[in-house]
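Here the structure comes first, spelled out in structure tokens, and everything after it is commentary.
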Amino acid sequence: MAISTDTTDCRIKLENITKQYPGCLANDNISLSLLPGEIHALLGENGAGKSTLVKTIYGVVSPDQGKIIWDGEQVHVKSPSDARDLGIGMVFQHFSLFETLTVSENIELCLSKKQLIAIENLPEKIRNLSKAYGLDVDPDRYIHSLSIGERQRVEILRCLVQSVKLLILDEPTSVLTPQEVANLFVVLNKLSAEGCSILFISHKLHEVTEICQKATILRGGKVISTCSPREESPSSIAKMMVGDLAEQDAGYSKKEGSKVIFQAKELNLPTKQPFGTELKKINFDLKAGEILGIAGVAGNGQDELMAAISGEDGRLVNNMLFLNQQDIGKLDAGERRQLGMANVPEERLGRGAVPEMSLTENTLLTQSKGFISNGLVNWKKVQQHAQKIIDQYKVKCHGEFSDAKSLSGGNLQKFIMGREIGQNPIVLICAHPTWGVDVGAALSIHQSLLKLRDEGAAILLVSEDIDELFLLADRIGAVCDGHLSPLIKTDETDIEQIGLWMAGSFIPESLEATQ
Amino acid sequence: MIRIQARVEQSTLMKIASPILAIILTLIFSSVLFSTLGKDPIQAMHVLLIAPLSDLYNIGEMFVKMGPLLLCAVGLSLCYRANLWNIGAEGQLLMGALGGGAAALALIDSTSIFALPIAILCGVVSGMVWAAFPTYLKLKFNSNLILTTIMFNYIALYLLLWAVHGPLRDPDGYGFPESALFSDAVTLPVLFEDGRIHLGIVLAIISAFAAWILLNKSHIGFQIRVFGEDEPAARYAGFNGKKLSWTVMLIAGGLAGLAGVAEVTGPIGQLIPSISPGYGYSAIIVAYLGRLHPLGALLSATFMAVLYMGGDLAQIEIGVPTAVVGMFQGVLLFFLLACDFFIRYRLTFISNQPIQE
Amino acid sequence: MDAELLSQILFSAIKTGTPLLLIALGEVICEKSGVLNLGQEGMMLMGAVVGFLAAYSSGSVGLGVLGAIIIGMFMSLIFAFLVLHLGANQVATGLALTIFGTGLSAFVGSDVVGQTIQGFQPIIIPVLSDIPFIGRILFTHDLLVYVSFALAALVSYVATKTRIGLIIKAVGENPHAANAIGIKVLKVRYLAIMFGGGMAGLSGAYMSLVYTPMWIENMTSGRGWIALALVVFASWRVGRIMLGAYLFGLASIMHLVLQGMGWSISPNLLAMLPYVATVVVMVIISADHFKEKLLAPRSLGKPFDPRQMA
């Protein structure tokens, strides 16, 4: 086979990588290359094959076909340790950190015995590197005491300790505040200047144009184009990502709610889980006919807040939560549902739906009105209702008998939205509604939410995606470390402001001192 | 090239085929074992599986063994469906026997038609109480149900031993650790003239059908299944986990207690130290083999009862210790767990060309 | 109570607690790697019967111990294969292992029930055993008790001070992350399970070669289960496992103590004591749910299937 001339200059070159999963061709003949010091974006929608491709490079996934050429030589990366021996480092979207171990121990686990002997004093080396790159990481701290941004820096340090030549980052910015993103880019530019190549997965176009020299766009497992992002317009890249046919979310009109339906007053709740977040004096009003958006970096109390509101938490919270002036603090989740509250949880599979049960059975999960007589279930009626949800919300599946886990994320989310909205809730709480969902499904989910709002329901929307919140929410606020910021009309604020709130700028210093 | 592939949906066929396959593999395994022990495997299989069904008396005895196995297994199926690992059927059975037996002894001079129902009720309640302790400890203090139920099995056993050596020993029994024989008024009626098939077996079969209706047709049964399969979803839906736990645990305790009291007021007729040859433990395998389905338990309890009979016959006819039954039960469960792999995965034979779909 | 009786009681508590210590040391490593093996009782019984058979037929207790360790490991391999490779439920597979071991041990041991052998003899350590009071309690035991001291120290050292311990802890906390950084999760778990099996076998051998020394069906009478509770009681820490094992040893010989003090209580009621104590201890320990969650290996009992990565 002829070897192309520039192979020797490339840090890494992928040729015709193909990976087949049952029912899905994840990578179809993908080729791409990176020069030393190049920052290269890998763009694509959910399910485009980005993760599979980088996992192939890192040795987590073995390709069915194709080859990897590293510094001019063909290599077989059979495991992450092979990859690390070559000088490839990767920061996964879900960090591979151990919460009960220290930073230093976490980094040690990644090193081979040989590397470990070569480094005489690991904590010292971590301190030095941390200083050199402005990462500010203390090797003796336990991971569970670190924020998400700090954890990401530990992951990057892990790679730096091994002096990487190629650093792969899977959606690194989706978990950061806008200010943290800026800091990350400083580090990446410094690495790039030192000759380290960076493969950067993202779907946020403005970031890509900001720091990447080149971009490869994937769609449906294929390379659609390789381009210089600075020479393209965001809309032309977006078109390449989603195809011409997909509709785009337009700007939506904002509304002002009418009367207050739901209130949280001085909601305090200690944490139940180790490493959880305590809720501290949360106050807010939720009005009929509005969407209230709550921004925040994961792990700042969103899950705890949702569980407290829905009643899943299970503890008594007297005189803190009110639905139409009624204290609902002592009601369980089922009783709150009876009063007209509905809930779309973050985890679709395993919480919003039982994976190994059919869509019919999953319909009965939250809706029993009219289906039960004398304690027995009228399965025929449930089945008809499930069919109705599937038709109305265009859920792609084999039928109402399909197991929930056989549906794609987007279709399952449409089903759950349909099921919850079908109960005509007066309050809907909804977490990360479009996380991991393709553009088409996201659009239809957005429209369902807006329709529900326009019909007069109050919607509490929690999301880590600021862009989505700005698109949908009528009022917005942020959580940080269990505190809720003031709420403000979305029209009257900007991403910068919310970003500062996500970092906790609204918390009075007297409170911070008590932590 | 053979490759293991995850199935998109679980295979319904394999769910049913897996126990059958496991039984066949166990039989193959035991044939090999008997051969290496120098026994004729065909004769051994005959003694183990065919002989127990060869005449009416043996069939009757088989039903006598099936009764307690089925009662315990139906209760355990409900518990396991709710993801509650109750290993305590043995202890609940023994306490049912002890509680019911004590009542029977108290009523030994009674001729009332209520004497028997009272004794049975006492047995059922005793079983429920014995299940209630670990349930309470789990729900209140979050203690591990597996370990507490096991511990309560041992405690129940020693309570029974203490009772038959002490307060409930027959004063006219020449010091043997046994109670007096129960009177006719507190003895379960026998269904057929000869043989020992008693009313308890009918109750066992009814309980299997009742549990099936509960689990598959009722709303509470649906809640039990959701709770067991996916607890976060049950919490999300607002199902009351404590109530569901109490429900299944008390049903299981009551059924195991019924099994115990039916043994002592039925075929045994008095309290003795060895009431159960491990029915409560075997019932775990019966429940699993029956796919945690009450009607499946009906079939698997029958199979297990045949195996128990076969074990007794094997000792007499070919000189193999009865302990062989216990070993087969373990092997059977191993094979079953292994075959269940194919519910979620399949083997595909593929060429090295990538598949195009 | 005079010092002579007290030292006799403490000596017996250590002797009685030793099988619990041995098996719990194995199980704690297994659990630290994230695997809950409920087959302890079955592996222990197999260790007891095979150890006895090997010693009985060869005349060497050393061979007996070796045989017991090997059969324990072999039993645990069945469990490991089902759980790690076929993704079988850990609870159900552990139960199957116990049922299988109980049946199989009764089956293979049926010919030697009640036979006796010459078990391990006490080794009285010179000088140390002369220390007043403590010398008698700690240094007049048989070889396996001293081995159990050494093993406890070794397990504690490996678990807290070495890279191997760090890897086991990482796998038990988050197997997905461990896999992602290139630790061979299944291999670590295989080895941890086999260590647990070997220790369970050794513990069984202690029962049939030292403690009784003979083979009786079901002679472990729930010690495998008590050991599981012991690991929880000790919050997965070796020092506390040792303490707990000897406390349970004490509970098991309470009837001797009380008889010695002239009380007469039915032996059947006193025999309940270790089991009642186990329940009580578990209630006290797990009542602090938060703490238990904090200390328990995070992935304990949860399956990990590398096929579903990607």
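The values are calculated or read from the model by the stated rules, or taken from the named source; none is laboratory data. Model, not experiment: these values are computed from the prediction. So basically every Cβ, Gly included, is an ideal-geometry build from the backbone, and we count neighbours across all protein chains shown.
So here's what we get for this one:
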item	result
Residues satisfying the stated conditions in the stretch B:313-335, i.e. more than 8 Å from chain C (Cβ to nearest Cβ) and not in a loop (DSSP other than H, G, I, E, B)	B:Leu313, B:Ala314, B:Gln315, B:Ile316, B:Glu317, B:Ile318, B:Leu332, B:Phe335
Residue that is of a type outside the set (Phe, Trp, Tyr), more than 14 Å from chain A (Cβ to nearest Cβ), surrounded by fewer than 17 Cβ atoms within 10 Å (Cβ to Cβ) and part of a helix (DSSP H, G or I), where the choices are B:Ile213, B:Ile206, B:Ile251, B:Ile201	B:Ile206
Checklist (1) touching a Leu at 6+ places or on another chain (Cβ under 7 Å); (2) away from every other protein chain (no Cβ under 14 Å) applied to A:Ala308, failing item	(2)
All positions within the stretch A:357-399 that are under 29 Å from the mean Cα position of the chain (by Cα), outside any helix (DSSP H, G or I) and crowded, with 16+ Cβ neighbours inside 10 Å	A:Met357, A:Ser358, A:Gln367, A:Tyr393, A:Val395, A:Cys397
Qualifying residue in the stretch C:139-156 (condition: assigned to a loop (DSSP other than H, G, I, E, B) and touching a residue at least 60 places away in the same chain (Cβ under 8 Å))	yes
Near pairs, Cβ below 6 angstrom, 6+ apart or cross-chain, from the stretch A:12-40 (without any contact (Cβ under 8 Å) to a residue 24 or more places away in the chain and within 14 Å of chain B (Cβ to nearest Cβ)) to any residue that is surrounded by fewer than 18 Cβ atoms within 10 Å (Cβ to Cβ) and part of a strand (DSSP E or B)	A:Pro22/B:Gln5
Failed item in (1) in contact with a helix residue (DSSP H, G or I) (Cβ under 8 Å, 6 or more places away or on another chain); (2) over 15 Å from C:Ser203 (Cβ atoms); (3) more than 9 Å from chain B (Cβ to nearest Cβ), with C:Leu66 passing the rest	(2)
Residue in the stretch C:281-295 that is modelled with the highest pLDDT, counting only those that are more than 10 Å from chain A (Cβ to nearest Cβ) and either in a loop (DSSP other than H, G, I, E, B) or surrounded by fewer than 14 Cβ atoms within 10 Å (Cβ to Cβ) (or both)	C:Ile284
Subset of the stretch A:104-127 [within 13 Å of another protein chain (Cβ to nearest Cβ) and crowded, with 17+ Cβ neighbours inside 10 Å]	A:Ser104, A:Glu105, A:Asn106, A:Ile107, A:Glu108, A:Leu109, A:Cys110, A:Leu111, A:Leu122
Flag if B:Leu116 is more than 19 Å from the chain's Cα centre (by Cα), surrounded by fewer than 20 Cβ atoms within 10 Å (Cβ to Cβ), of a type in the set (A, V, I, L, M, F, W, C) and in a helix (DSSP H, G or I)	no
Lone qualifier among B:Leu48, B:Leu69 - being in the same structural domain as B:Phe192 (by TED's automatic domain parsing), touching a residue at least 60 places away in the same chain (Cβ under 8 Å) and either touching a strand residue (DSSP E or B) at 6+ places or on another chain (Cβ under 8 Å) or surrounded by 18 or more Cβ atoms within 10 Å (Cβ to Cβ) (or both)	B:Leu69
Unique match (being in a helix (DSSP H, G or I) and touching a residue at least 60 places away in the same chain (Cβ under 8 Å)) among C:Gly87, C:Gly94, C:Gly103, C:Gly72	C:Gly72
Pair list, Cβ < 7 Å and 6+ apart or interchain, from the stretch B:1-18 residues that are at the interface with chain A (Cβ under 8 Å from one of its Cβ atoms) and in contact (Cβ under 8 Å) with a residue 24 or more places away in the chain to residues that are loosely packed, with under 14 Cβ neighbours inside 10 Å and among the β-branched types (Val, Ile, Thr)	B:Gln5/B:Thr348
Members of the stretch B:145-197 that are among the β-branched types (Val, Ile, Thr) and either in a helix (DSSP H, G or I) or in contact with a Cys (Cβ under 7 Å, 6 or more places away or on another chain) (or both)	B:Ile146, B:Thr148, B:Thr149, B:Ile150, B:Ile155, B:Val164, B:Val186
Of residues in the stretch A:319-351 being aliphatic (A, V, I, L, M) and part of a loop (DSSP other than H, G, I, E, B), the one nearest to A:Glu420 (Cα to Cα)	A:Leu339
Residues of the stretch B:163-198 satisfying the condition of being surrounded by fewer than 19 Cβ atoms within 10 Å (Cβ to Cβ) and within 14 Å of another protein chain (Cβ to nearest Cβ)	B:His165, B:Gly166, B:Pro167, B:Arg169
Candidates A:Gly89, A:Gly37, A:Gly59 - the one that is crowded, with 21+ Cβ neighbours inside 10 Å, in contact with a Cys (Cβ under 9 Å, 6 or more places away or on another chain) and either under 18 Å from A:Ile168 (Cβ atoms) or not assigned by TED's automatic domain parsing to the domain that holds A:Ile211 (or both)	A:Gly89
Test for B:Leu53: is it touching a helix residue (DSSP H, G or I) at 6+ places or on another chain (Cβ under 9 Å) and either in the same structural domain as B:Ile268 (by TED's automatic domain parsing) or more than 19 Å from B:Leu332 (Cα to Cα) (or both)	yes
Residue within the stretch A:412-421 that is on the phi > 0 side of the Ramachandran plot, in contact (Cβ under 8 Å) with a residue 12 or more places away in the chain and either acidic (Asp, Glu) or surrounded by fewer than 18 Cβ atoms within 10 Å (Cβ to Cβ) (or both) present	no
Verdict on C:Ala96 being under 30 Å from C:Pro175 (Cβ atoms), surrounded by fewer than 24 Cβ atoms within 10 Å (Cβ to Cβ) and within 14 Å of another protein chain (Cβ to nearest Cβ)	no
Subset of the stretch C:223-245 [surrounded by fewer than 19 Cβ atoms within 10 Å (Cβ to Cβ) and either within 11 Å of chain B (Cβ to nearest Cβ) or part of a helix (DSSP H, G or I) (or both)]	C:Gly239, C:Arg240, C:Leu243
